[in-house]
Amino acid sequence: MSVRHALLALLSEGPKYGLRLRQEFEAQTGDVWPLNVGQVYSTLHRLEKDGSVESDEVDGTQKRFRITTAGARELDRWLHTPPDAGSPPRDELVMKVQVALRMPGVDVAELLQLHRRHMVQAMQRYTHLKADTPAGDVGLGLVIDAELFRLEAVVRWLDAADARLRHLPDRSWAAAPGEPLADDTPARRRARTTGADR
């Protein structure tokens with residue numbers, strides 16, 4: 001999530017202090033994405049430096065921040081720019097499974113199940129949180145739905161990976177150290193050269 005743009009969105013409602021921005025950010029996301037006050041002020045400092053926000057001192061102590069015209073343009077640009085779907089992000093779980101495939105003595109099927117159990121437990125926590133969320137809290141509801149869909153996708157990927165490995169002869173996916181993997185196909189080599197396999 002872009003903290004920078006979330007703060008600009010909150011400031012588009014009117015001038016605010018740093019602590020209030022932090023409180024409103026966390027309230028809007030139901031504390032799913034906690035934000036420390038240092039991160040708020042360092043982000044505000046960068047936004048001020050690039051002209052997206054400006055501030056003034058109130059009572060000689062606290063700074064109150066407000067969005068500038070440039071900041072409003074940047075917020076609008078960000079809102080209307082689709083996220084990059086050209087190449088998949090580096091997913092830590094996918095990388096762990098890839099590494100485990102090459103390691104002797106690692107029970108990859110057990111590793112997949114371990115991670116699957118963890119994801120299902122996380123889904124259960126979010127399902128309980130969803131049940132406790134007031135119907136009118138649309139912002140939190142959207143965050144919870146997004147996280148549930150993301151976790152469900154991870155569980156489906158783990159199930160697909162497990163099924164794929166079960167259809168292969170024992171350890172046929174592994175390569176000897178220094179040798180290419182069996183699935184080192186021309187398509188995978190092309191993906192790596194175009195950056196899609198990062």
Inset, instruction - Name the one entry in 136, 141 that is assigned by TED's automatic domain parsing to the domain that holds residue 165 and exposed (fewer than 11 other Cβ atoms within 10 Å of the Cβ). - result: 136
Inset, instruction - Within the range 63-79, identify whether any single residue is free of Cβ contacts under 8 Å to residues at least 24 places away in the same chain, closer than 30 Å to residue 166 by Cβ, surrounded by 12 or more Cβ atoms within 10 Å (Cβ to Cβ) and out of contact with any Gly (no Cβ under 6 Å at 6 or more places or on another chain), and answer yes or no. - result: no
Inset, instruction - Six or more apart or on different chains, Cβ under 7 Å: which pairs go from a residue in the range 17-40 that's free of Cβ contacts under 8 Å to residues at least 60 places away in the same chain and surrounded by 13 or more Cβ atoms within 10 Å (Cβ to Cβ) to one that's in a loop (DSSP other than H, G, I, E, B) and not hydrophobic (A, V, I, L, M, F, W, C)? Could you list them? - result: 26/34
Legend entry - Criterion: under 26 Å from residue 119 (Cβ atoms) and within 17 Å of the chain's Cα centre (by Cα) - qualifying residue of 99, 106, 94: 94
Inset, instruction - Assess whether residue 68 counts as being in contact with an Asp or Glu (Cβ under 7 Å, 6 or more places away or on another chain), among the polar types (S, T, N, Q) and modelled with pLDDT of 90 or more. - result: yes
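The values are calculated or read from the model by the stated rules, or taken from the named source; none is laboratory data. The structure displayed is predicted, hence computed values, not measured ones. Virtual Cβ from ideal backbone geometry, glycine too; neighbours counted across all protein chains shown.
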